[in-house]
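Step one of this worksheet: look at the structure below.
The values are calculated or read from the model by the stated rules, or taken from the named source; none is laboratory data. Everything numeric in this text was worked out from a predicted model, so none of it was measured. Cβ: placed from backbone, ideal geometry, glycine included. Neighbour counts: every protein chain shown.
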Amino acid sequence: MGQYRRHVFICTSGDCCPFQGETEAYVAYLRKGLAEKGLAKEIRVNRSGCFSQCGHGPMVVVYPEDVWYSGVRMDDLDEILLEHLVNGRPVERLRYKAPQGPNKDPLRYEKIGRTPKGESEKKG
């Protein structure tokens with residue numbers, strides 16, 4: 001076994017995920033939950049940059065199983081914590097299945113009411 005049994009990555013700094021949910025709070029919530037269960041030394045939770053899946057978030061990824069979750073809400077974290085991180089059973093209803101590589105939703109900025117970084121609200 002490596003340094004950690006599982007490693008959880010939460011997108012906290014991409015163009016979309018932090019605007020689709022309170023992803024910084026997700027990190028703290030999962031860390032606290034794992035500590036309460038005595039698993040903080042076995043399962044690591046980290047902030048992550050963009051996974052290039054913008055518009056499908058908030059995204060949470062668990063390794064070594066390579067399980068990607070999309071559209072994760074605060075209400076979903078207990079289920080991910082108990083079912084996947086503690087009991088080793090991925091939460092299928094949240095599982096993200098997409099082709100390999102970048103899968104950015106072309107309507108992602110419209111969905112979250114933002115403009116892309118570097119573009120002004122008004123052009124011209």
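Summary table
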| read-out | value |
| --- | --- |
| Conditions (1) at pLDDT below 95; (2) in contact with a Phe, Trp or Tyr (Cβ under 7 Å, 6 or more places away or on another chain); (3) not hydroxyl-bearing (S, T, Y): number failed by Q3 | (2) |
| S48 being of a type in the set (S, T, Y), buried (at least 17 other Cβ atoms within 10 Å of the Cβ), in contact with a His (Cβ under 9 Å, 6 or more places away or on another chain) and at pLDDT 95 or above | no |
| Residues within the stretch 110-124 that are modelled with pLDDT of 55 or more and either within 17 Å of F51 (Cβ to Cβ) or exposed (fewer than 11 other Cβ atoms within 10 Å of the Cβ) (or both), tallied | 7 |
| Residue ID - nearest to V67 (Cα to Cα), chosen from residues in the stretch 93-107 that are surrounded by fewer than 11 Cβ atoms within 10 Å (Cβ to Cβ) and of a type outside the set (A, V, I, L, M) | K97 |
| Members of the stretch 1-34 found to be more than 9 Å from the chain's Cα centre (by Cα), in a helix (DSSP H, G or I) and of a type in the set (F, W, Y), listed by number | F19, Y29 |
| Number of the condition not met by P90 [criteria: (1) surrounded by 15 or more Cβ atoms within 10 Å (Cβ to Cβ); (2) in contact (Cβ under 8 Å) with a residue 24 or more places away in the chain; (3) farther than 24 Å from G2 by Cα; (4) of a type outside the set (A, V, I, L, M)] | (3) |
| Any hit, the stretch 65-76, residues being over 27 Å from L107 (Cβ atoms) and surrounded by 13 or more Cβ atoms within 10 Å (Cβ to Cβ) | no |
| Some residue of the stretch 21-39 being more than 18 Å from P90 (Cβ to Cβ), in contact (Cβ under 8 Å) with a residue 60 or more places away in the chain and crowded, with 19+ Cβ neighbours inside 10 Å | no |
